[in-house]
Amino acid sequence: MAVIHTDAVVIGAGPCGLFAVFELGMLNAQCHVIDILDKPGGQCAELYPDKPIYDIPAIPSLTGQQLTANLLEQIAPFDPVFRLNCRAESLEALEDGSWKLTTHTGDEFVTRAVVIAAGAGSFTPRRLPFAEARGYENGKGLSYAVRDADQLAGKRVVIAGGGDSAVDWAIVLAGRAASITLVHRRNEFRAAPGTLAKLQTLIADGTIDFQVGAISALHGQEHLEQVELKSADGSRQLPCDELLAFYGLVASLDEINSFGLTMQNGQIAVDTATFETNLPGVYAIGDIAVYPGKLKLILSGFHEAALMAHHAIKQIRPDARNTFQHSTTAMQVRLSKEKTAC
Ligand code: FAD
C-alpha cells in the first residue's frame, strides 16, 4: 500500500485515456494511468486488436493494436506511470480541493485532477455460472487469466473458450503442461489465421486434446481435481489440475457509480467546454462521457482530451501562466530540453 502524489490520475488506458496523457503532458502535467486490464489499449486492444479502424484522421487504416502502439509511442516522452491489473475503486474529496483516489490494491493517489476515461466500465472476466466455481478461485485450480505460466508446467490443464486468449494459451502451454484439453462449444475459434493453423497442427498431432462441449460442474476436495464436460453425447469427467476459463469480459460501472457523479444511462454528464463533471477537478472523456450530440468515437475522445487538459491544468497549477502552444512548438521545446539533458 502506497500514497502517490501526482498531477493527474487517468482512469482507463483506452485510446482516450492514453491521448489525455499526451495533452496533459504537453502542458507539463505528470500522469498516472490506472487500468484493470493487464495491457493498455482498452477496447481496441482487448476486443478488436486485429480489426482495421478507418476513421482516425490522416491515417487511412490501422488496427486496434497498431493504434495502441502508436499512442504509447506518442506519449512515451511524458513518462506516464501505468498501474495495470488495478481497479480505481473510490474517490474522496480532500479539504484543500484535491482528490484521493483509492485502488482495489489499497494504493492511494492524491491529485488535483482525475480524468475518467473508463469506456463502458472496468472490464472483468465473465465467470463460470455455477456457485461452487467461486470456491476454486484464488489458487485452488480455477483462473480467468494466466498470471504465471511457469506454475502450469507439468499440470493437467483444461482451457475453456473459443477466442484469442483460449487459443493463444493452448498453444503456449502445449508441451509445457502435462496435458492440454481445449473445450469449446463448437468447432470454430476466433483467432488470427496463423494462430488457427498452429492450433490445428497441435490438435492433429495429439498435443492438444480438443473437446466440443461446455464445462457444467467442478469437483475436488481442497483443490480442483475434475471438471464435468457436457456435450451432445452426455456428461463425463475430465481430470484437471488447473482450469483456465476464457469466456470474455463484462464491463462494470459499480465503482464509478459510487463516486458521486451525475450519471445519465451509464455515462457521466460533462460540460462540453471543459469536460469537467459535476465534481470540480474530476473530468470525463471518451465513451464514458455524455453530452448532447455525443458520438462514441475515438476521434471524439481525442478532442475531449484536448479541452479537458487545458481546463485541468488550471486545477493542477492555479498560479502558473498557461499559454496555448501548438505541438509544433511545445514538442520541439520539450525534445530539445531532453537532448540537452542527455
Ligand atoms: P475504452 O477503450 O473502453 O477503455 C476504457 C478502459 O478503462 C478499459 O481498459 C477499462 O478496463 C478501464 N476501466 C474502466 N473502469 C475502470 C476502473 N474503475 N479501474 C480501472 N480501469 C478501468 N471507434 C471508432 O472511432 N472507430 C472504429 O472504427 C471503431 N470500431 C470499433 C469496433 C469494435 C468491435 C468495437 C467494440 C468498438 C469500436 N469503436 C470504434 C469504438 C471505440 O473502440 C471506443 O469508442 C473507444 O475504445 C473508447 O475509448 P475509451 O478510451 O473511452 O474507452
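Please express the shape of the range 5-125 as an equivalent ellipsoid: the semi-axes are the square roots of 5 times the eigenvalues of the C-alpha gyration tensor, given largest first in whole angstrom.
26, 17, 10
What list of ³J(HN,Hα) values in whole Hz, one per residue of the range 8-13 in order, does the Karplus curve 6.51 cos²θ - 1.76 cosθ + 1.60 (θ = phi - 60°) give from phi, with Gly and Pro shown as x?
With coefficients 6.51, -1.76 and 1.60, one gets 9, 10, 9, 8, x, 9 Hz.
On the protein heavy atoms, probe 1.4 angstrom, tell me the percent of accessible surface of the chain carried by carbon and sulfur.
The C+S portion of the solvent-accessible surface of the chain is 51 percent.
Loop only by DSSP, 16 or fewer other Cβ within 10 Å of the Cβ. Give me the GluC sites (Glu not before Pro) in the range 59-120 that pass, ordered by residue number.
E95
Taking all pairs of distinct Cα atoms, average 1/r, flip it, and tell me the Kirkwood hydrodynamic radius of the chain in Å to one decimal place.
The answer is 22.1 Å.
Quote the charge dipole size of the chain about the Cα centre in Debye, to the nearest 20; the model charges only the Cβ of Lys and Arg (+1) and of Asp and Glu (-1).
For the chain, the charge dipole is close to 500 debye.
Nearest-5 percent of antiparallel DSSP beta bridges in the chain?
Of those bridges, close to 45 percent are antiparallel.
Taking amide H positions as placed in the peptide plane 1.01 Å from N, state which residues far from A217 in sequence (5 or more) or on other chains have amide H under 5 Å from it.
HN-HN under 5 Å from A217: E228.
Starting from the Cα of K155, draw a straight line to each of the lysines and keep only those under 17 Å, dropping any in the same chain fewer than 8 residues away.
Result set, ordered by chain and number: K140.
Label points 7 Å out from Cα along the Cβ direction at R317 and A197: separation in nm?
Reported label-point gap for R317 and A197 is 5.3 nm.
What residue among L37, I59, S90 has its Cα farthest toward the positive end of the dipole of the range 34-126, where the charges are +1 on Lys, Arg and -1 on Asp, Glu, each on the Cβ?
Value: I59.
If one takes the longest principal axis of the Cα atoms in the chain, at what angle in degrees, from 0 to 90 and to the nearest 10, does the Cα axis of helix 327-341 lie?
On a 0 to 90 degree scale, this one is about 80.
Starting with the highest mean, order 326-332, 116-122, 207-213 by the number of other Cβ atoms within 10 Å, averaged over the residues of each peptide.
116-122, 207-213, 326-332
Of the DSSP beta bridges with both residues in the range 147-294, give the percent that are antiparallel, rounding to the nearest 5.
45
Around D164, under 9 Å between beta carbons, what's the net of Lys plus Arg minus Asp minus Glu among the other residues?
Neighbour charge sum, excluding D164 itself: -1.
For the range 92-150, state which trypsin sites (Lys or Arg not before Pro) are in a DSSP loop and have at most 16 other beta carbons lying within 10 Å of their beta carbon.
Of the trypsin sites (Lys or Arg not before Pro), the ones in loops of the range 92-150 whose Cβ has at most 16 other Cβ atoms within 10 Å are R126, R127, K140, R147.
Return the aspartates and glutamates within reach of K314: Cα separation strictly under 19 angstrom, same-chain partners fewer than 8 residues apart disregarded; answer none if there are no such residues.
D7, E23, E95, D96, D271, E276, E304
Going by Cα centres, the range 42-82 and the range 200-217 are how many Å apart?
34
Suppose we keep just the DSSP beta bridges with both residues in the range 1-135; what percent of those would be antiparallel, to 5?
Around 45 percent of the beta bridges assigned by DSSP in the range 1-135 are antiparallel ones.
Top to bottom by accessible area (1.4 Å), largest first, where do V33, V172, V110 land?
Reading off the accessible areas and sorting them downward yields V172, V110, V33.
Might you report the magnitude of the Cβ-based charge dipole of the range 127-247 about its Cα centre, with Lys and Arg at +1 and Asp and Glu at -1, to the nearest 20 debye?
240
Can you list the lysines whose alpha carbon is less than 18 Å from that of K51, not counting same-chain residues fewer than 8 positions off?
K39, K296
With the dipole of the chain worked out from charges on the C-beta (+1 for Lys and Arg, -1 for Asp and Glu) around the Cα centre, which of P15, G248, V158 lies farthest toward the positive end?
It is P15, whose Cα lies furthest towards the positive end.
Going by amide H atoms built from the backbone, whose H comes under 5 Å of the H on T63, apart from near neighbours?
I53
Would you please name the chymotrypsin sites (Phe, Trp or Tyr not before Pro) within the range 14-77 that are DSSP coil residues with at most 15 other C-beta atoms within 10 Å of their C-beta?
Sparse-neighbourhood loop chymotrypsin sites (Phe, Trp or Tyr not before Pro): Y54.
At 1.4 Å probe radius, can you tell me the per residue accessible area of the chain in Å²?
Heavy-atom SASA per residue in the chain reads 49 Å².
Viscosity 1.306 mPa s, temperature 10 °C: give me the Stokes-Einstein translational D for the range 154-288 in µm²/s, with Rh taken as the Kirkwood radius over C-alpha pairs.
Estimated diffusion coefficient is 89 µm²/s.
Hey, rough spin-label estimate for A273 and E95, points 7 angstrom out along Cα→Cβ, what's it come to in nanometres?
Placing both labels 7 Å along Cα→Cβ, they lie 3.2 nm apart.
Please name which of L173, L238, V212 has its Cα lying farthest along the dipole of the range 127-247 towards the positive end, using unit charges on Cβ (Lys, Arg +1; Asp, Glu -1) and the Cα centre as origin.
Of L173, L238, V212, it is V212.
In Å, what Kirkwood hydrodynamic radius results for the range 262-342 from the alpha-carbon pair distances?
It works out to 14.3 Å.
The values are calculated or read from the model by the stated rules, or taken from the named source; none is laboratory data. Note that the coordinates shown come from a computational prediction; the quantities given were computed from them, not determined experimentally. Because the Cβ atoms are built from the backbone with ideal geometry, glycine has one as well, and the counts that use them run over all protein chains shown. The protein model used for the area step is the full one, side chains on, heavy atoms only, and it has no ligands, DNA or RNA in it. Shrake-Rupley method; radii C 1.70, N 1.55, O 1.52, S 1.80 Å.
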